[in-house]
Amino acid sequence: MTVTPVLERDALDTVAARIRAHVVDMCAGPEGGHLGGAFSCADVLAALYFSVLDVDPLRPDDPDRDRFLLSKGHAAVGLYATLAERGFFPVEELAGYGRPGSRLMGHPVRAVPGVELPTGSLGHGLALGCGFALAARYAGRDARTFVLLGDGELQEGSVWEAAIAAASLRLDRLVAVVDRNGLQLTGATDGIAPMEPLAERWRSFGWAVRDVDGHDPDLLAEHLDAAPWEPGKPSVLIARTVKGHGLPFLAGRSASHYVTLSPRNHARAVRALRDGEVAG
Ligand SMILES: Cc1ncc(C[n+]2csc(CCOP(=O)(O)OP(=O)(O)O)c2C)c(N)n1
Ligand SMILES: [Mg+2]
């Protein structure tokens with residue numbers, strides 16, 4: 001299956017802005033949502049779904065498709081916005097997020113078109129990604145598997161078991177992205193468990209590593225498109241991001257982790273996005 005990028009590269013910023021706008025609306029509903037971590041990875045999601053991934057919303061079960069796993073499944077609102085924008089289901093369905101009867105729940109499930117596996121219990125996505133990559137190899141398919149991890153999630157030992165396995169198995173069609181926003185639920189990631197030098201850590205586990213600005217979707221797409229970067233090695237892109245990026249009153253703050261926006265803050269957020277104010 002060949003797929004041409006659905007948009008010109010210079011439109012990725014616009015897509016990311018639309019994803020963030022949907023997230024803001026969803027987080028103003030009764031359920032609230034993980035706004036901060038959805039905002040930090042919105043540019044990664046835009047780059048993946050609108051430039052990199054070989055997927056077809058009309059054939060979500062195509063066996064030759066690339067796979068994407070949102071290992072940091074709590075950022076579901078970001079994934080829903082992206083899948084809807086990409087055409088996996090109607091954008092109007094986003095209004096039902098978190099409401100009784102909706103399949104758009106706090107964490108993604110397979111009932112949602114485009115969701116490969118349920119995620120949300122942190123630490124499992126990379127191992128599952130290894131499975132997809134291995135299965136593709138056995139089937140003789142050259143599909144790639146992408147896994148998006150949180151930086152706090154890296155404290156789960158299972159991530160590093162999977163990292164060892166991927167390098168040992170030479171899974172060079174596997175690409176991990178770390179949303180390096182520096183924050184987890186209760187505060188600064190490095191205040192809880194220092195991770196730097198993060199690139200060196202991954203390199204020492206046998207991965208090809210790139211460390212880039214996570215809010216430049218064109219750049220992200222360029223790097224992700226080019227993977228594998230070293231033959232025989234899995235690739236990891238460390239995306240340097242800001243939690244809540246784009247909302248001056250939440251950017252870089254732990255308070256952005258889970259948010260139910262009041263009508264006033266919803267209006268502030270909409271205004272901030274419209275005016276393109278970028279904090280952080
Ligand atoms: C195994 C497990 N433990 C705890 C949680 C609760 N939890 C949800 S989000 C989160 C913080 C994750 O931080 P990070 O991976 O940095 O995500 P991000 O900053 O991108 O939101 C935690 C502890 C969980 N989902 N899974
Ligand atoms: Mg984080």
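The values are calculated or read from the model by the stated rules, or taken from the named source; none is laboratory data. From a predicted model like this one, the values you see are computed outputs, not experimental measurements. Using ideal geometry, Cβ is built from the backbone for each residue, glycine included, and neighbour counts are taken over all protein chains shown. With ligands, DNA and RNA removed, areas are computed over all heavy atoms of the protein, side chains included. Shrake-Rupley method; radii C 1.70, N 1.55, O 1.52, S 1.80 Å.
Structure notes:
- Being in contact (Cβ under 8 Å) with a residue 24 or more places away in the chain, open to solvent by less than 30 Å² (accessible area, probe 1.4 Å), within 26 Å of Lys243 (Cβ to Cβ) and assigned to a loop (DSSP other than H, G, I, E, B) holds for only one residue in Pro118, Pro30, Pro57, Pro108, and it is Pro108.
- Enumeration of residues in region 64-78 that are closer than 14 Å to Gly33 by Cβ and open to solvent by 10 Å² or more (accessible area, probe 1.4 Å): His74
- Close contacts from region 186-210, counting a first residue that is of a type in the set (Asp, Glu) and a second that is open to solvent by less than 10 Å² (accessible area, probe 1.4 Å), with Cβ to Cβ under 8 Å and a gap of 6+ residues or different chains, come to none at all.
- Any hit, region 35-54, residues being over 21 Å from Gly131 (Cβ atoms) and open to solvent by 30 Å² or more (accessible area, probe 1.4 Å): no
- Within region 174-206, the set of residues being more than 22 Å from Gly73 (Cβ to Cβ) and either at pLDDT below 95 or not aliphatic (A, V, I, L, M) (or both) comprises Asp190, Gly191, Pro194, Glu196, Pro197, Glu200, Arg201, Arg203, Ser204, Phe205, Gly206.
- The criterion of at least 2 residues that are of a type in the set (A, V, I, L, M) and buried (at least 17 other Cβ atoms within 10 Å of the Cβ) is met, among helices (runs of 4 or more DSSP H) falling completely within region 159-244, by 217-226.
- In this structure, Ala162 does satisfy being within 14 Å of Lys233 (Cα to Cα) and either of a type in the set (Phe, Trp, Tyr) or at pLDDT 95 or above (or both).
- The number of residues in region 121-146 that are within 16 Å of ligand 2 (Cβ to nearest atom), touching a Leu at 6+ places or on another chain (Cβ under 8 Å) and open to solvent by 50 Å² or more (accessible area, probe 1.4 Å) comes to 0.
- Where a residue in region 149-167 is hydroxyl-bearing (Ser, Thr, Tyr) and its partner, wherever it lies, is open to solvent by 40 Å² or more (accessible area, probe 1.4 Å) and within 14 Å of ligand 1 (Cβ to nearest atom), with Cβ under 7 Å and at least six apart: Ser158/His124; Ser158/Ala127
- Only one entry of Ala251, Ala227 meets the criterion of being within 18 Å of the chain's Cα centre (by Cα), among the small types (Gly, Ala, Ser) and over 20 Å from Ala75 (Cβ atoms), and that entry is Ala227.
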